[in-house]
Amino acid sequence: MAVQLPIRVMFVCLGNICRSPLAEAAFREAVADAGLSDHFAIDSSGTGDWHVGDPADRRMRQTARRHGLSLDDHRASQFAARDLVDYDHIFVMDKSNLNDVLYLDEADEYSGKVRLFREFDPEPGDYQVPDPYHGGREGFETVYAMVERTARSIRDRMIDTYELPVEA
């Protein structure tokens with residue numbers, strides 16, 4: 001498949017302080033592990049505006065750090081209708097996020113690029129990444145496990161779809 005680089009990927013949750021920044025970091029690491037960082041532009045955002053400019057949730061930063069990822073430079077942003085045009089793939093964390101993003105697609109032109117993140121999870125469960133915001137450490141660890149394996153699965157799918165060269 002002919003591909004225009006970089007492949008633009010967006011991860012979306014509610015406030016862009018827990019799930020989507022973790023997915024962004026995990027996917028960034030997954031593509032770096034395959035030597036494909038130059039092939040992707042990766043970002044995240046939230047459907048709501050109340051955390052815009054805030055760092056990632058402290059508990060999610062701690063969880064990420066325990067697993068070798070850093071969210072320290074993250075600042076929350078809000079998903080905008082323009083992102084439907086600008087990104088090639090938009091992965092949302094749950095069905096509520098899916099509805100909010102598709103609501104912005106007034107002409108129904110971009111729904112093919114918006115998918116539930118866990119559609120690519122080898123263990124998809126109910127296809128939603130639960131929001132750990134109101135829970136304890138276990139919830140953040142559960143979300144990390146889901147996000148890490150799904151990010152690698154998405155990377156592998158994109159390698160196949162776009163016939164990307166993988167470093168041995």
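Computed from the coordinates by the stated procedures, all read-outs in this text should not be read as laboratory data. This one's a predicted model, so the numbers in the text were calculated from it and none came from an experiment. In this analysis, Cβ positions are derived from the backbone assuming ideal geometry, glycine residues included, and neighbour counts consider all displayed protein chains.
Quick one: if the Förster radius is 35 Å, what FRET efficiency do residue 161 and residue 62 give, using the C-beta to C-beta distance and rounding to 0.05?
Efficiency for this residue pair is about 0.55.
Under a crude label model (7 Å from the Cα following the beta-carbon direction), how far is residue 37 from residue 80 in nanometres?
2.7
Using amide H atoms built in the peptide plane, which far-off residues or other-chain residues are under 5 Å from residue 92 H to H?
It is 12, 115, 116, 117, by chain and number.
If each of residue 141 and residue 96 carries a label point 7 Å out from its Cα toward its Cβ, how far apart are those two points in nm?
About 2.5 nm separates the two model spin labels.
May I ask you to evaluate 6.51 cos²θ - 1.76 cosθ + 1.60, the Karplus curve with θ = phi - 60°, for each residue of segment 128-137 and list the ³J(HN,Hα) values in order in whole Hz, giving x for glycine and proline?
Ordered by residue, 3J(HN,Hα) equals 10, 8, x, 7, x, 3, 9, x, x, 4 Hz.
Which distance in nm do the two modelled labels at residue 50 and residue 115 give, with both placed 7 Å along the Cα-to-Cβ direction?
3.1
Summing -39500 (n - 2.57) over the DSSP H runs of n ≥ 4 in the chain and dividing by its residue number, what mean residue ellipticity at 222 nm do you reach, to the nearest 500 deg cm²/dmol?
So the helix-based figure for the chain works out to -12500 deg cm²/dmol.
Mind listing the phi-derived Karplus ³J(HN,Hα) values for segment 66-77, rounded to whole Hz, using 6.51, -1.76 and 1.60 with θ = phi - 60°, and x for any glycine or proline?
Calculated HN-Hα couplings, in order: 4, 10, x, 10, 10, 10, 4, 8, 5, 9, 5, 9 Hz.
Whose amide H sits under 5 Å from the amide H of residue 77, counting only residues 5 or more places off or on another chain, with H placed in the peptide plane?
Under 5 Å from the amide H of residue 77: 46, 53.
Given H placed 1.01 Å from N in the peptide plane, which residues other than close sequence neighbours of residue 8 have an amide H under 5 Å from its amide H?
41, 88, 89
Over the Cα atoms of segment 7-162, what is the Rg over Rh ratio if Rh follows Kirkwood?
Taking Rg over the Kirkwood Rh, I get 0.93.
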